[in-house]
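Input: a single structure, listed below in structure tokens.
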Amino acid sequence: MDFRLTSEQEQFRDSVRRFAEKHLAKGARERAHATDYPWDVAKLMAEQGLLGITIAEADGGQGGTLIDAVIAIETVASACPRSADVVQAGNFGPIRVLAEYGAPRQKEKYLKPLLAGESVISVGMTEPEAGSAVTDLQTMATPDGDGYRVNGSKVFTTHSTHAQVILAYVRYGPGVDGIGSLLVDTKAKGVRFGKRSKFMSGEEWAQIYFENVFVPADMVVLKEGGFKKQIAGFNVERIGNATRSLALGRYAYEAARQWAMQRRQFGRLLCEFQGLQWKFADMKMKLDAAQLLLYRAAANADRGLPSPEETAIAKAFCNQAGFDVANDALQVMGGTGYSSEALVEYCVRRCRGWMIAGGSIEILKNRIAESVFGRDFPQRPAS
Ligand SMILES: Cc1cc2nc3c(=O)[nH]c(=O)nc-3n(C[C@H](O)[C@H](O)[C@H](O)COP(=O)(O)OP(=O)(O)OC[C@H]3O[C@@H](n4cnc5c(N)ncnc54)[C@H](O)[C@@H]3O)c2cc1C
């Protein structure tokens, strides 16, 4: 057993670090507070080969591993937390499902601009009446000639106000087996966006309405019965989500560590107070434990798809650790940490969201408990 990165991984990390320090460190604060998608960063990352890291070379990607993509998020976030979202969007999210299950024509139309940093894709799972109980989704795809008519609506969709295409979870028929997915162009007739809203993180979202939208049959990604495959792809998204939690927790920790070594009160450096030393020891233990669980899930990923159990453990732990550490870092920095200059408050706000997004901590713990006892625990009342 070896807990160190390989020399190739170290080289990759160092090259990403040089890139991030040169192009991303400057402007990190402005980017964190901007609502627009950082298109300039996406283009730079495409040139640097940081989009499609785990996607096959035949599909225009880099043919790397999930660990490489995790290293990319961690390293980019250490210079610019907001830019880590671009690594996520270009590697872990619905782009990965499209690359895994999409047909050649779908890849030609959508994957190319995504990998070039010219476009972004959203995943539309959550609906007003289907949050944690995602299999309750009601958006219907009804056969119509050479395609489907889609009717329904999605909420809380990340990048919804910037995306060119949405990987929409839809219902072709009743029950879990009736669920699949298709690609909806956001410019298609019948796609409407509701009032813009903001998460606590500052990110914008808007409810998406599908009003009799025609989707050609060749834009179906997964037919009925595709839900399990879809979730297998979604576990990759969860790894990216966990990585950002950990990386932003670490960013805040590093800022607080530097602060504690130069800020004096009562005639002493903050790092000389035992009450704060123990806080740092706790932060360090949480970050290291989270890192090991994350690397385990990513390193064990089969064909790039991590196991549901290891993903659930890594995500729940990283989400909690990232938030706790960022929050403690803010406390250590006092008023400076709470102020928008430091980016630590931004890390706290972002980490808070990942405790809910992509499978909340509670839902992940339900999944872990099923593995502990080796049985299903249906959450619905017995009928
Ligand atoms: C920052 C952010 C980004 C998001 N991005 C996307 C996106 O890109 N695409 C998308 O489709 N969705 C997205 N979502 C939506 C997200 O997936 C849902 O918010 C999440 O699944 C929870 O659903 P809900 O908000 O409806 O809460 P509910 O399902 O109503 O849950 C409310 C609370 O009850 C708890 N709970 C529910 N059921 C159980 C249970 N059985 N046992 C224990 N506790 C339970 C939940 O954990 C939660 O704390 C995003 C959300 C956030 C916050």
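The values are calculated or read from the model by the stated rules, or taken from the named source; none is laboratory data. Everything quoted here is computed from the prediction, not taken from an experiment. No Cβ is skipped: glycine too gets one built from the backbone with ideal geometry, and neighbour counts run over all protein chains shown. Remember, those area values only see protein heavy atoms, side chains included, never the ligands or the DNA or RNA. Shrake-Rupley method; radii C 1.70, N 1.55, O 1.52, S 1.80 Å.
Odds and ends about this structure:
- Sequence of M45, M261 when ordered by accessible area, the most exposed leading, probe 1.4 angstrom: M261, M45
- A299 paired with A369, simple spin-label distance in nm, labels 7 Å along Cα-to-beta-carbon: 3.1 nm
- In nm, spacing of pseudo-spin labels at E362 and M1 (7 Å Cα→C-beta vector): 3.4 nm
- Rounded accessible area of H33 (nearest 10 Å², 1.4 Å probe): 80 Å²
- Close amide H partners of V213, meaning residues 5 or more places away or on another chain with modelled amide H under 5 Å apart, are V150.
- Entry note, the chain: the mean residue ellipticity at 222 nm calculated from DSSP H runs of n ≥ 4, each adding -39500 (n - 2.57), is -15000 deg cm²/dmol after division by the residues and rounding to the nearest 500.
- Counting only protein heavy atoms and using a 1.4 Å probe, the accessible area of T135 comes to about 30 Å².
- The stretch 46-191: antiparallel DSSP beta bridges as a percent of all, rounded to 5: 70 percent
- When DSSP beta bridges are restricted to pairs lying wholly in the chain, around 85% turn out antiparallel.
- 15 Å beta-carbon shell around T6, net charge (K/R +1, D/E -1): -3
- 1.4 Å probe accessible area per residue over the stretch 128-268, in Å²: 46 Å²
- Taking all protein chains as they are arranged and a probe of 1.4 Å, the heavy atoms of V372 leave approximately 100 Å² accessible to solvent.
- Rolling a 1.4 Å probe across the protein heavy atoms gives the stretch 1-108 an accessible surface of 45 Å² per residue.
- Sequence-distant contacts, meaning Cα pairs under 8 Å at least 6 residues apart, place the relative contact order of the stretch 1-109 at 28 percent.
- The residues of the stretch 282-332 have, on average, 41 Å² of accessible surface per residue, using a 1.4 Å probe with all protein chains present.
- Length-normalised contact order of the chain in % [C-alpha pairs under 8 Å, at least 6 apart]: 14 percent
- Accessible carbon and sulfur surface of the chain relative to its total accessible area, %, 1.4 Å: 52 percent
- Shown is the FRET efficiency for R105 and Q9, computed with R0 = 41 Å from the Cβ-Cβ distance and rounded to the nearest 0.05: 0.70.
- With Cα atoms defining each centre, the stretch 37-99 and the stretch 173-249 are spaced 19 Å apart in the structure.
- Taken about its Cα centre, the chain carries a charge dipole of about 760 debye when Lys and Arg each add +1 at the Cβ and Asp and Glu each add -1 at the Cβ.
- Computed from the C-beta positions of R268 and D288 and an R0 of 30 Å, the FRET efficiency is 0.65 to the nearest 0.05.
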